[in-house]
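The structure appears right after this line, and notes come after that.
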Amino acid sequence: MRDGAKVVSRSRSSTGEQPNESPIGSKPAPGLYLVSTPIGNLDDISLRALKLLRAADLIACEDTRVTGKLLSLLGIAGSPLTPYHEHNADRARPALLARLRQGAVVALVSDAGTPLLSDPGYRLVAACLAEGLAVTSLPGASAALTALQLSGLPCDRFLFAGFLPAKTGARRNTLTELAAVPASLVFYESPRRLAATLAEMDALLGAREAAVARELTKLYEEVRRGSLAELAAHYAGSGPPKGEVVLVVGPPGEAPPTSPEEVDTQLRRALAELSPRDAAATVAAATGLPRRQVYARAVALAKGGKA
């Protein structure tokens, strides 16, 4: 172990058992269980998840109606549900921690897929770990990873960025920050905003390959691949797609030699949305050119100059 590395101890339940050590056929050891649920196809539920959801003293979920329907389809009856989502998390967390201290088996699920991705579950996990309460994960379906697998884009390094900010300025700032990340980018996006988001990404991230995945694992699963510009044009013409959408954007490529004309084209496109400083930062990241040089050209173009 490297000097200074933190030693992480495995928290045990009040019975002394690890959550993963319960004998076969017995009630699970007390603790918090992060349970992945199907993102579409019910057959993707794991045997371990089925057993845990049947045995749980309490299931914390984003929407009790959604999870209640899922449990019914899975043939699970009688498991008590309680809401835990971004709007009530601060109020609901103390009650869940109290149940865990008392030795309860608590399952945490999202509406679909893997908990903690774009939901407040991580705060509950952090609170449990701070108190030494047992936490374990029952892995399974994930829309983000499924889309990444099917995108045809590099999977060796990726960044999950969740939902982009709704406000224009914050969204553009986020995309500008992500422009230089040397990895594939994975986003969740609303179908009605998809065309505009793709166009904005084309302007701020530069020319990149991307994939739009929808209805993953369902009957009408579709993955459409192409450049950001091509995908933006497609959805602008066809309208918002149906179903939940995951957007995967490829990493910035090796910057090829860029002509002054191409730099001007990219800068004009970026200047339509950004200040000269932010436009220069975006184009410099995309082309590999010195930022000071690109900024000087951005200022000239912003003033209408041809220098």
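Each reported figure results from applying straightforward, stated rules to the coordinates on display, with no laboratory input. Since the structure is predicted, the reported quantities are computational estimates derived from the model, not experimental observations. For neighbour counting, all protein chains shown are included, and Cβ atoms are generated from backbone atoms with ideal geometry for every residue, glycine included.
Sequence-ordered 3J(HN,Hα) estimates for the stretch 133-144 from the Karplus curve with 6.51, -1.76 and 1.60 and θ = phi - 60° stand at 7, 5, 9, 8, 10, 10, x, x, 5, 8, 4, 4 Hz, glycine and proline given as x. Put simply, the convex hull of the Cα atoms in the chain casts, on average, a shadow of 20.0 nm². With the cut-off at under 17 Å, measuring from each backbone N in the stretch 159-178 to a point 7 Å along the Cα-to-Cβ line of Ala196 picks out 163-175. Of the three principal axes defined by the Cα atoms of the stretch 144-249, the extents in descending order read 37, 32, 21 Å. In terms of packing, defined here as the mean over residues of other Cβ atoms within 10 angstrom, the peptides 199-205, 148-154 line up highest first as 199-205, 148-154.
Both the radius of gyration and Dmax for the stretch 19-141 are 13.1, 37 Å, in that order, over alpha-carbon atoms.
Extending 7 Å from the Cα toward the beta-carbon at both Gln102 and Gln293 defines two label points whose distance is 6.8 nm.
Orientation-averaged projection of the stretch 192-256 equals 4.4 nm² [convex hull of Cα atoms, one quarter of hull surface area].
Per-peptide packing, taken as the mean over residues of other Cβ atoms within 10 Å, places 108-119, 293-304, 232-243 in the sequence 108-119, 293-304, 232-243 from highest down. The charge dipole of the stretch 144-249, taken about its Cα centre with unit charges on the Cβ atoms of Lys, Arg (+1), Asp and Glu (-1) only, comes to about 240 debye.
Here the Karplus curve 6.51 cos²θ - 1.76 cosθ + 1.60, taken at θ = phi - 60°, turns the phi angles of the stretch 114-120 into couplings of 8, x, 5, 7, 6, 8, x Hz, with x standing for Gly and Pro.
For the stretch 236-307 versus the stretch 41-66, the spacing of their alpha-carbon centroids is 45 Å. Helix-only arithmetic for the chain: the sum of -39500 (n - 2.57) across DSSP H runs with n ≥ 4, divided by the residue total, places the mean residue ellipticity at 222 nm at -12000 deg cm²/dmol.
Rounded to the nearest 0.05, the FRET efficiency derived from the C-beta distance between Ala272 and Arg65 at R0 = 41 Å is 0.40. Between the stretch 171-204 and the stretch 70-108, how many Å separate their Cα centres? So the separation of the two Cα centres works out to 34 Å.
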